Amino acid sequence: MNATPNPQGLTPIETGRRGLMLILSSPSGAGKTTLTRMLLQDKSIDLTLSVSSTTRERRSSEVDGIHYHFIARDQFERMRGGDEFLEWAEVHGNFYGSPRAPVEAVLAQGRDVLFDIDYQGTQQVRRKAPDDVVTIFILPPTMKELRARLERRAEDSAETIAKRLTNAHHEIQRWTGYDYVLVNDDLQRTYKQVLTILNAERLRRARAQNAITAFVDKLLAE
């Protein structure tokens with residue numbers, strides 16, 4: 001007997017699983033931000049972006065709750081002390097962190113959360129929720145192409161670009177800390193590879209153990 005999909009096109013196993021955290025990391029200019037935007041624009045994928053909290057001042061172009069949750073420093077410190085962040089860091093005197101509660105609420109619904117964070121943040125999340133995390137590191141095809149992408153953006157000075165390239169050398173050496181490593185030499189192909197990884201991880205037996213058990217019990221009782 002074949003499983004009958006529900007109206008959303010999902011099998012009983014898919015609807016009964018716990019959600020996962022999909023983490024994308026890359027050096028600046030390798031394509032992480034573009035891939036993140038593409039994943040979120042396709043509503044059929046049903047990914048929820050983890051919105052970080054920060055103590056820095058909101059810029060005029062930013063919307064609270066969409067770009068960041070802008071909070072006071074003392075509130076951030078209380079949350080940090082209460083272990084309310086999956087990961088946090090201090091950058092240029094400001095704090096940034098990924099709140100745990102909203103992520104856990106989405107995972108409990110069997111839905112998935114997307115993170116756009118660096119290696120340090122990835123390692124923090126993995127330590128706190130090892131069974132829920134899938135990590136992907138995005139590499140540029142060459143360092144020459146990475147420099148060209150940074151220059152084409154026309155957002156940074158030559159000094160800043162040089163600093164980003166130096167940082168990229170250090171970040172790239174962290175590739176062994178990720179589950180999957182993709183070379184972004186073709187954006188559409190890399191995007192399809194990310195989708196393939198996501199679909200496979202959604203069907204991983206350990207992640208859907210309870211749903212599979214219930215389905216098999218029902219199947220054998222027929």
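Over the chain, dividing the summed -39,500 (n - 2.57) contributions of all DSSP H runs of at least 4 residues by the number of residues returns a 222 nm mean residue ellipticity of -13000 deg cm²/dmol. Taking a ≥ b ≥ c as the square roots of the eigenvalues of the Cα gyration tensor, the range 180-222 is classed as prolate, since a/c reaches at least 1.5 and a/b is larger than b/c.
Ordered by packing density, taken as the mean number of other Cβ atoms within 10 Å over each peptide's residues, highest first, how do 105-118, 38-51 rank? Present the calculation step by step, with values, prior to reporting the outcome.
Working: 105-118: 17.9, 38-51: 14.4.
Most protected by this proxy first, the peptides run 105-118, 38-51.
So what's the angle, to the nearest 10 degrees on a 0 to 90 scale, between helix 158-172 and the longest Cα principal axis of the chain? Once rounded, one gets 40 degrees.
Relative to the Cα centre, the charge distribution of the chain, modelled as +1 at Lys and Arg Cβ and -1 at Asp and Glu Cβ, gives a dipole magnitude of about 260 debye. Partner lysines whose Cα lies under 19 Å from the Cα of Lys32, excluding those fewer than 8 positions away in the same chain, are identified as Lys43, Lys144, Lys163, Lys192.
Once you have the alpha carbon radius of gyration of the chain, what is it after dividing by 2.2 N^0.38 Å, with N set to its residue count? Show your work: numbers first, answer last.
Numbers: Rg = 19.4 Å, N = 222, 2.2 N^0.38 = 17.1 Å.
It is 1.13.
Can you tell me the order of 68-74, 13-19, 26-32 when each peptide is scored by its average per-residue count of other Cβ atoms within 10 angstrom, highest first? Could the numbers behind the result be given before it?
Working: 68-74: 13.7, 13-19: 18.9, 26-32: 23.3.
In descending order of packing, they fall as 26-32, 13-19, 68-74.
Taking the chain as a Gaussian network of alpha-carbon nodes connected by springs under 10 Å, the highest mean-square fluctuation of the residues Arg59, Arg80, Arg164 belongs to Arg59.
By the gyration tensor of its Cα atoms, with a ≥ b ≥ c the square roots of the eigenvalues, what is the shape of the range 100-179: rounded for a/c under 1.5, prolate for a/b over b/c, or oblate?
Values: a/c = 2.79, a/b = 2.18, b/c = 1.28.
Prolate shape, in that a/c is at least 1.5 and a/b is the bigger ratio.
Of interest is the spacing of the C-alpha centroids, which for the range 183-221 and the range 50-84 amounts to 32 Å.
Using only Cα atoms and rounding to the nearest 10 degrees, what angle (0 to 90) does helix 32-41 make with the longest principal axis of the chain? Between helix and principal axis, roughly 40 degrees.
No lab work stands behind these numbers, since they all come straight from the coordinates. Bear in mind the structure is a predicted one, so any value in this text is a computation, not a measurement. With ideal geometry, Cβ positions are generated from the backbone for all residues, glycine too; neighbour counts draw on all protein chains shown.
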